[in-house]
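Notes to accompany the following structure.
No value in this document is a laboratory result; all are computed from the given coordinates. Given the structure is predicted, the values throughout are model-derived calculations rather than measurements. Positions of Cβ are generated from backbone atoms using ideal geometry, with glycine treated the same way; all protein chains shown enter the neighbour counts.
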Amino acid sequence: MNNAAEIPYIGIWYRPRATIRHIVDTDPRRGVIALVVFGAVLGAIGEWATGNPTAFKIGTHSLGVFQAHTWTALNLVLIGVSPFVGIAILYMYAALIRWAGGLIGGTGTAVELRAAYAWGLIPGVAGSVLYVIAGCLGWTHIVIPEPSKGHPSSLGIWTQFLSPAFLPIGILSLWGIVVRIKCFSEVHRFSAWKGLGAYLIVTLTMMGMGALIGILIPLVVLVTHISL
């Protein structure tokens with residue numbers, strides 16, 4: 001038994017295929033729900049930690065999109081429902097990656113692919129921890145001076161790309177994608193290139209589903225309004 005298999009939380013970073021193979025061969029349900037729930041809750045906390053989005057400014061004073069008590073209540077609700085959303089995404093994504101992998105010769109089972117998805121989240125979970133810390137310290141955004149008025153003005157989300165936390169979080173996110181692809185590839189027993197293909201199939205499918213929902217909802221609202 002190698003160190004990657006003995007300590008999977010470490011091994012998944014640098015030997016993802018060997019680590020996930022050991023996990024699915026011994027106990028494919030090990031840590032799956034805990035990892036997904038932990039990651040989902042951290043993601044919700046991270047959004048809270050970055051602060052209330054700025055609606056507009058009066059001088060140098062930022063006015064948030066939500067009132068303080070509304071912002072707090074909204075985030076508490078999101079944290080409360082995040083475990084259920086995370087588990088729902090786990091089952092949906094595992095089903096999609098099983099289907100996509102099967103199209104190109106993959107043999108992974110549903111329980112194995114849920115394990116691959118959950119353990120492949122670890123770099124992303126590490127990124128979420130860093131995001132929460134950076135959000136609490138105010139490092140997820142920077143303030144850029146506005147020359148025309150001579151006072152600080154936040155440019156919103158675009159300032160994230162220049163913040164101190166952007167590079168390490170971006171690296172962790174990208175490595176998380178690589179780890180997930182390798183985990184899916186090992187479980188499906190094919191090459192990383194086929195794993196990338198399955199990952200792209202799922203990504204495009206989910207984008208298509210999102211676009212379809214985005215079209216159907218306004219259409220249903222419009223038809224309902226006309227009929228009334």
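What to note about this one:
- In nm, spacing of pseudo-spin labels at Met209 and Tyr9 (7 Å Cα→C-beta vector): 3.1
- Taking 0.36 nm per residue of separation and subtracting the current Cα-Cα distance, fully stretching the chain between Asp27 and Leu137 would add 35.7 nm.
- Between the amide H of Gly120 and any residue lying 5 or more places away or on another chain, no distance stays under 5 Å, with hydrogens modeled in the peptide plane.
- Per-pair calculated FRET efficiency, R0 = 45 Å: Thr72 and Ile177 via Cβ, rounded to 0.05: 0.85
- Each peptide in 37-43, 217-223, 90-96 was scored by the mean count of other Cβ atoms within 10 Å over its residues; highest first, the order is 37-43, 90-96, 217-223.
- Couplings for the stretch 128-135, taken from phi via the Karplus curve 6.51 cos²θ - 1.76 cosθ + 1.60 with θ = phi - 60°, read 5, 4, 5, 5, 4, 4, 5, x Hz in order; Gly and Pro are left as x.
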